[in-house]
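Student: Dropping the structure in here first, questions after.
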């Protein structure tokens, strides 16, 4: 199954013009079946949107503003870091946010969010039926009207709130991976785009990586190009051009992941400075782009990883350090314990908004404030 998943991923991210020169005969043989499945998927998307448009499927509306953070392609788009960024910012302004996440794939996103936001006023609701999850937590904690003068003052204030009590009423909801979750109304749609692998071959799942056609970008209120620091300016311009072809006046922002510290495997309360790996031999292991595949691969390849570590130890006369991403660690924390006596560290990063062509963190927050203040519900 893992071999098939990798083959499909290779097809999805290979440009049409390079198929016959890049793909193996086995991968090429998959294309007719993937094309048929992609056609059926396109029809399903169209039918689903049509049913919502005709009010034959119900859209639930919460009694407070909802910010959706989503994407058009699978994996690596920075949705969860953006959700954390928004939640922390709202909590710092004195508005208690509720994060709504499906919690699939081992709930690694939920684990990471709970760890990072522990001690703040952020609430996290996990469940496939996010409307039901939201109503349950709103009933438990209560909610407040962001259109009130007090909340408007908090949004406009640049001062951080010192008291991060978790018992306060909820002021806004953040919908993690929400773009295709049409059953819940949203007041602001943020769409994340991976600058390193934006659209793949431009085809819909499973032939390509697109969850919806590019025309779905016209539903967005903000586009965020993630990993913008890792690609050349020419690629950024080409990506912006594609976005502008769909929606000319859409605000576009740029983000990166900035390393902050390490956690020690088995001790998530630790906070180790980045300089600990200075002049050290490290082995980086990651499978973040595939749901669940990291767990399967590391269990299968643990002996190979250990052999590589021993090889590095012999070559450099010092024990190497294993480094994994935080998301991968949450998928397989116990497996990494078996690498002892080698140390394993978890790299933690924070999302940062880059200043580019007048787009800044302050202007990003200003747009969100405007949308939240325009909410007209009681």
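The values are calculated or read from the model by the stated rules, or taken from the named source; none is laboratory data. Computed from a prediction, not measured in an experiment: that's the story for all the values here. Cβ placement follows ideal geometry from the backbone for every residue including glycine, while neighbour counts extend to all protein chains displayed.
Student: Take residue 159 and tell me if it is assigned to a helix (DSSP H, G or I) and at pLDDT below 95.
Tutor: Considered against the rule, which asks whether it is assigned to a helix (DSSP H, G or I) and at pLDDT below 95, residue 159 comes out as no.
Student: What number of residues within segment 210-225 satisfy the criterion of being touching a residue at least 40 places away in the same chain (Cβ under 8 Å) and closer than 14 Å to residue 45 by Cβ?
Tutor: Going through segment 210-225 one residue at a time, the tally reaches 7.
This table checks each residue for (1) outside any helix (DSSP H, G or I); (2) touching a helix residue (DSSP H, G or I) at 6+ places or on another chain (Cβ under 7 Å).
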| position | (1), (2) |
| --- | --- |
| 31 | no, yes |
| 52 | no, no |
| 75 | yes, no |
| 114 | no, no |
| 135 | no, no |
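Student: If residue 221 passes every condition in (1) at pLDDT 95 or above; (2) within 24 Å of residue 182 (Cα to Cα); (3) not assigned by TED's automatic domain parsing to the domain that holds residue 77 but one, which one does it miss?
Tutor: Looking at each condition in turn, residue 221 falls short on (3).
For every residue, the table says whether it meets (1) within 20 Å of residue 98 (Cβ to Cβ); (2) modelled with pLDDT of 95 or more; (3) assigned to a loop (DSSP other than H, G, I, E, B); (4) not assigned by TED's automatic domain parsing to the domain that holds residue 36.
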residue	(1), (2), (3), (4)
146	yes, no, yes, yes
152	yes, no, no, yes
164	yes, no, yes, yes
189	yes, yes, no, yes
206	no, yes, yes, yes
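Student: Residues of segment 41-55 being more than 19 Å from residue 210 (Cβ to Cβ) and touching a residue at least 40 places away in the same chain (Cβ under 8 Å), which ones?
Tutor: Passing the criteria: only 52.
Student: Same structure, new question: Specify the residue that is nearest to the chain's Cα centre (by Cα); the eligible residues are those in segment 311-341 that are surrounded by fewer than 17 Cβ atoms within 10 Å (Cβ to Cβ) and in a loop (DSSP other than H, G, I, E, B).
Tutor: 338
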